[in-house]
Amino acid sequence: MGKKLLIEDQIRRNKQLTIFICTFMALLFIGVVFAFGYIFFQNVFIALAFGIPIAIAYVAVTYSFSIRTVLSAAKARPANPNIREEKILIYKVEEMSIAAGLPMPKVYVQDSENINAFATGKKPENSVICVTTGSLRKLKPDELEGVIAHEMSHIKNHDILIATVTIAVVGTIALISEILFYSLLWGGAGRGRRNDGNAILIAIAIIFIILAPIFSRLTYLMISRRREYLADSNGAYLSRNPDGLAKALEKIKLDQPKGKPKGSKTVAPLYIANPFKMNISEKGSIWSTHPPINERIRRLRSM
Amino acid sequence: MDLIWIIGIVIIIIIAFFALIYWGFYNRIIRKENRIDNSWAQIDVQLKRRADLIPNLMETVKGYMKHEKEVLENVTKARASLMNAKTPQENIDADNMLTGALKSLFAVSENYPDLKANQNFLSLQDELTNTENKIAYSRQHYNDSILSYNNTIETFPGLWFAKRMNKKTKEMLNIPEESKELPKVSF
């Protein structure tokens with residue numbers, strides 16, 4: 001702790017960890033499908049033929065609806081260049097997209113007192129950055145720049161894709177385990193019990209399937225927190241100014257959300273700070289989408 | 001007979017393997033090189049845009065700033081050297097000069113409340129700050145692209161392919177430390 005890390009090293013380490021966690025997620029998924037097949041059909045291949053199309057369909061559906069759903073859930077509107085604050089926001093997004101070497105995202109504004117921002121889009125070529133009007137009023141230019149750099153990094157790192165895919169995998173695992181759970185209740189999966197030698201294996205498979213949804217959810221949240229750190233350090237790299245984002249996060253910490261947040265909970269990981277539940281405690285919870293804000297500030301300050 | 005077949009297949013697989021790697025690296029190196037050219041084009045666009053904005057600014061300011069001849073002249077001079085610059089480094093140096101000249105112009109403008117209230121001046125100031133930031137960030141991206149290109153062709157195994165393709169490392173732009181500090185425009 002307290003060790004100074006180069007931004008580049010932080011980025012590399014974070015990427016490695018994400019790959020590692022994603023591999024774990026994939027293994028978990030394959031494990032669930034295998035266990036399912038073993039209990040149900042005593043044949044893994046039928047289960048694979050069944051589980052993988054479900055997962056792919058789920059991803060395709062969530063993915064193709066993403067942008068419009070997210071924007072309308074957040075009640076966002078395109079930024080108006082005739083208002084000076086919003087024009088400056090457009091300028092800042094333009095600047096950061098040049099720094100990142102990405103095409104210019106569309107700029108949206110959400111009318112809200114809170115300081116927050118999110119990014120969405122299927123790929124960098126048609127992405128959207130949305131900032132609340134509260135941030136435009138309360139943040140200084142370098143702080144706003146830090147926030148936009150963070151969002152730009154989410155786009156550059158394909159976090160939107162990672163979030164959608166992991167959410168879909170979590171959903172599929174939950175679905176499979178639920179199907180299995182109910183079929184066990186009805187006694188539909190009793191065929192495997194004919195052979196006594198397999199009883200232990202089947203018991204293990206059942207326990208695994210009950211625990212898998214919890215593990216997959218935790219893994220997903222862990223990925224989400226990792227990506228958050230990654231976007232922080234990448235954003236600092238883009239703006240060459242970690243202090244801007246650190247100061248913005250400090251303001252967010254002091255400015256607790258007022259009123260009901262608008263938007264859908266699925267995209268909470270894409271916000272700069274979770275608009276539904278702020279994580280300000282010193283110790284991070286394994287159930288939160290974002291790392292504790294104090295730790296994020298500490299890491300940015302140590303760059 | 002069988003042995004010959006096996007050896008033949010193994011050799012073909014090995015050749016195919018190396019061909020694939022070469023293909024990958026060839027494309028990667030060319031892509032990175034194109035990215036450098038593209039980011040230079042970006043800088044160029046912004047530099048032009050900035051030079052185009054200056055006459056407008058001068059026109060707006062002229063009526064108000066009667067006693068700041070030197071400041072105005074410096075801006076015009078810096079713009080002229082930007083228009084004449086040829087190499088990337090010359091461009092950047094001229095641009096730094098212009099940044100300095102504009103900085104003092106905006107500093108002096110604080111003494112002219114009428115000018116500060118002029119909408120046209122305000123939006124020009126915003127836009128000039130914007131192009132200035134864009135130039136700074138595109139320079140940064142240009143240097144990032146060069147760094148990534150150089151890393152590819154200087155490390156193993158890219159080194160091999162780069163030699164084969166006759167590619168040499170490129171030089172980064174020399175950006176003075178202080179120019180990284182963005183001018184403070186209050187809004």
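The values are calculated or read from the model by the stated rules, or taken from the named source; none is laboratory data. From a predicted model like this one, the values you see are computed outputs, not experimental measurements. When we count neighbours, we look across all protein chains shown, and the Cβ atoms used for this are built from the backbone with ideal geometry, even at glycine.
Regarding the range B:131-138, can at least one residue be identified that is within 14 Å of another protein chain (Cβ to nearest Cβ), more than 23 Å from residue A:91 (Cα to Cα), touching a helix residue (DSSP H, G or I) at 6+ places or on another chain (Cβ under 9 Å) and modelled with pLDDT of 85 or more? No, there is no match, as no residue in the range B:131-138 is within 14 Å of another protein chain (Cβ to nearest Cβ), more than 23 Å from residue A:91 (Cα to Cα), touching a helix residue (DSSP H, G or I) at 6+ places or on another chain (Cβ under 9 Å) and modelled with pLDDT of 85 or more.
This table checks each residue for (1) buried (at least 22 other Cβ atoms within 10 Å of the Cβ); (2) in the same structural domain as residue A:94 (by TED's automatic domain parsing).
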{"position": "A:115", "(1), (2)": "yes, yes"}
{"position": "A:123", "(1), (2)": "no, yes"}
{"position": "A:127", "(1), (2)": "yes, yes"}
{"position": "A:135", "(1), (2)": "yes, yes"}
{"position": "A:141", "(1), (2)": "no, yes"}
{"position": "A:145", "(1), (2)": "yes, yes"}
{"position": "A:173", "(1), (2)": "yes, no"}
{"position": "A:181", "(1), (2)": "no, no"}
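Scanning for something closer than 23 Å to residue A:117 by Cα, at pLDDT below 90 and surrounded by 23 or more Cβ atoms within 10 Å (Cβ to Cβ), does the range A:239-257 turn up at least one residue? Within the range A:239-257 (the criterion being closer than 23 Å to residue A:117 by Cα, at pLDDT below 90 and surrounded by 23 or more Cβ atoms within 10 Å (Cβ to Cβ)), the answer is yes, since at least one residue qualifies. Note on the range A:72-173: enclosed helices (runs of 4 or more DSSP H) holding 3 or more residues that are within 14 Å of chain B (Cβ to nearest Cβ) and without any contact (Cβ under 8 Å) to a residue 24 or more places away in the chain are A:84-100. In the condition set (1) in contact (Cβ under 8 Å) with a residue 24 or more places away in the chain; (2) within 23 Å of the chain's Cα centre (by Cα), residue B:157 is compliant with all but (2). On the given criteria, is residue A:197 part of a helix (DSSP H, G or I) and at pLDDT below 80? Judged against the criteria, residue A:197 is a match.
Name every residue in the range A:81-92 that is surrounded by fewer than 23 Cβ atoms within 10 Å (Cβ to Cβ) and hydrophobic (A, V, I, L, M, F, W, C), in order of residue number. Passing the criteria: A:83, A:88, A:90. Is there a residue in the range A:82-89 that is in contact with a Lys or Arg (Cβ under 9 Å, 6 or more places away or on another chain) and hydrophobic (A, V, I, L, M, F, W, C)? No, the range A:82-89 contains no residue that is in contact with a Lys or Arg (Cβ under 9 Å, 6 or more places away or on another chain) and hydrophobic (A, V, I, L, M, F, W, C).
Listed here are the residues, each with its yes/no results for (1) of a type in the set (Lys, Arg); (2) more than 17 Å from residue B:73 (Cα to Cα); (3) in contact with a helix residue (DSSP H, G or I) (Cβ under 6 Å, 6 or more places away or on another chain); (4) surrounded by 12 or more Cβ atoms within 10 Å (Cβ to Cβ).
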position	(1), (2), (3), (4)
B:23	no, yes, no, no
B:27	no, yes, no, no
B:32	yes, yes, yes, yes
B:37	no, yes, no, no
B:43	no, yes, yes, yes
B:51	no, no, yes, yes
B:54	no, no, yes, yes
B:59	no, no, no, no
B:63	no, no, no, no
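Among the residues of the range B:104-122, the one identified as touching a residue at least 12 places away in the same chain (Cβ under 8 Å), more than 14 Å from every other protein chain (Cβ to nearest Cβ) and exposed (fewer than 14 other Cβ atoms within 10 Å of the Cβ) is B:114.
So which residues in the range B:139-153 are out of contact with any Asp or Glu (no Cβ under 8 Å at 6 or more places or on another chain), within 13 Å of chain A (Cβ to nearest Cβ) and either hydrophobic (A, V, I, L, M, F, W, C) or within 18 Å of residue B:64 (Cβ to Cβ) (or both), if there are any at all? Scanning the range B:139-153 gives a single hit, B:147. Buried (at least 20 other Cβ atoms within 10 Å of the Cβ) and in contact (Cβ under 8 Å) with a residue 12 or more places away in the chain: does that describe residue B:128? For residue B:128, the condition - buried (at least 20 other Cβ atoms within 10 Å of the Cβ) and in contact (Cβ under 8 Å) with a residue 12 or more places away in the chain - is met.
Yes or no, residue by residue, for (1) in contact (Cβ under 8 Å) with a residue 60 or more places away in the chain; (2) of a type in the set (Gly, Ala, Ser):
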site: B:26; (1), (2): yes, no
site: B:39; (1), (2): yes, yes
site: B:47; (1), (2): yes, no
site: B:68; (1), (2): no, no
site: B:85; (1), (2): no, yes
